[in-house]
Amino acid sequence: MALKQHKDDKVRYDQQVDNSESDIIPFLEKTIAIKPGVRVFDLGTGEGGVLIPFLKRGCYCVGVDLSQIRIDLANEFLADEVAAGKAKFICQNILENSFYKEYNHSFDVIILKDVIEHIPDQEKFIPYLAEFLAPGGQIFFGFPPWCMPFGGHQQACHVKWLSVLPYYHLLPGFLYKAVLKLGGEDDVVTAEMMEVKSTGISIHRFERIIKRNNLKVLNKAHYLINPIYRYKFGLKPKLQFKFIEVIPWFRDFFTTCVYYTIGK
């Protein structure tokens, strides 16, 4: 059963704004000042709502997404900011050489909110992303660990019982696809679920990539209850219990979201 934010662009935009103001900015401000002149890059920007609190603080913002429809919505919702030269929205793959030439070493803050788990070949992509950081810049990652109850994003399924069934995304690929098909899920959503299965990332693998590429964890927060669950289920965010957070592998099954800031 798809939630209302999966269907309503304005609802999704408003939630992006509130999540950014309530959770992302306070987390980032523990390690970097969000002030006028800071250059912010939001990858997978969607409707652009995450950037509103940064724009209010005088930042210059660039949002990139592979969906032209969502970039068009961002340009609509933030038309005044775009017209004033405070924000720019681009439909482009950042792996293209033209994007790299224009923006390498350009940004003080890079944001990936619920994005990295959709990107293939993260072992190469994360260090490539760091090339867009200006000196002293930081990357924010927020993502659901793959092994958590709904790490397969199955809440986006149209079939209600498939959308609320936990952990079955951990089945071998052929069995997972069979469950989706037998449950009556349509081909488009089934393909999306299988794609996420191929790119989902664990806490352990994420931290290993950071360490292997001589990047630094500047701050982190593990959540028992994901901050965005306030919109989905009316639940108050809650940090993970410390005794669970310190147990590698085990923590992935019970941590619904992690926030990290990474620097060179």
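No lab work stands behind these numbers, since they all come straight from the coordinates. None of these values were measured; they are calculated from a predicted model. Note that we place each Cβ from the backbone using ideal geometry, even for glycine, and neighbour counts take in every protein chain shown.
Each other residue within a Cβ distance under 13 Å of PRO237 adds +1 if Lys or Arg and -1 if Asp or Glu, for a net charge of +2.
Available extension along the chain between TRP161 and LEU239 is 25.3 nm, counting 0.36 nm per residue and deducting the alpha carbon span.
A simple rule links phi to the HN-Hα coupling: the Karplus curve 6.51 cos²θ - 1.76 cosθ + 1.60 with θ = phi - 60°, which for region 143-152 gives 7, x, x, 4, 7, 5, x, 10, x, x Hz, with x for Gly and Pro. When the Cα gyration tensor is reduced to axis lengths a ≥ b ≥ c, the ratio a/c is 1.5 or higher for region 1-88, and with a/b not above b/c it is classed as oblate.
Under the simplified labelling scheme, the ILE94-PHE125 pair shows an inter-label distance of 1.0 nm, with each label point 7 Å from Cα along Cα→Cβ.
Taking amide H as placed 1.01 Å from N in the peptide plane, the amide H of GLN138 sits under 5 Å from that of VAL109, ILE110, each at least 5 places away or on another chain.
Computed over the chain, relative contact order equals 19 percent, with contacts defined as Cα pairs under 8 Å that lie 6+ residues apart.
The phi torsions of region 55-68, fed into the Karplus equation with coefficients 6.51, -1.76 and 1.60 and a -60° offset, translate into couplings of 4, 5, 8, x, 7, 9, 10, 10, x, 10, 8, 7, 9, 5 Hz, rounded to whole numbers, with Gly and Pro shown as x. For the chain, the equivalent ellipsoid built from the Cα gyration tensor has semi-axes of 29, 22, 18 Å, listed from largest to smallest.
Report the residues of region 47-61 in range of a label on ASP9: point 7 Å along Cα→C-beta, backbone N strictly under 16 Å from it. Under cut-off, by backbone N: 47-50. Couplings 3J(HN,Hα) for region 75-91, derived from phi with the Karplus relation 6.51 cos²θ - 1.76 cosθ + 1.60 (θ = phi - 60°), are 5, 6, 5, 10, 4, 5, 5, 5, 4, 7, x, 8, 9, 9, 10, 10, 9 Hz, where x marks Gly and Pro. Convex hull volume of the Cα atoms of region 208-262, normalised per residue: 89 Å³. Entry for region 154-199 at q = 0.19, 0.28, 0.30 Å⁻¹: log10 I(q)/I(0) = -0.47, -1.12, -1.31, Debye formula applied to identical alpha-carbon scatterers, no solvent contribution. Axis of helix 187-199 versus longest Cα principal axis of the chain: the two differ by about 70°, to the nearest ten degrees.
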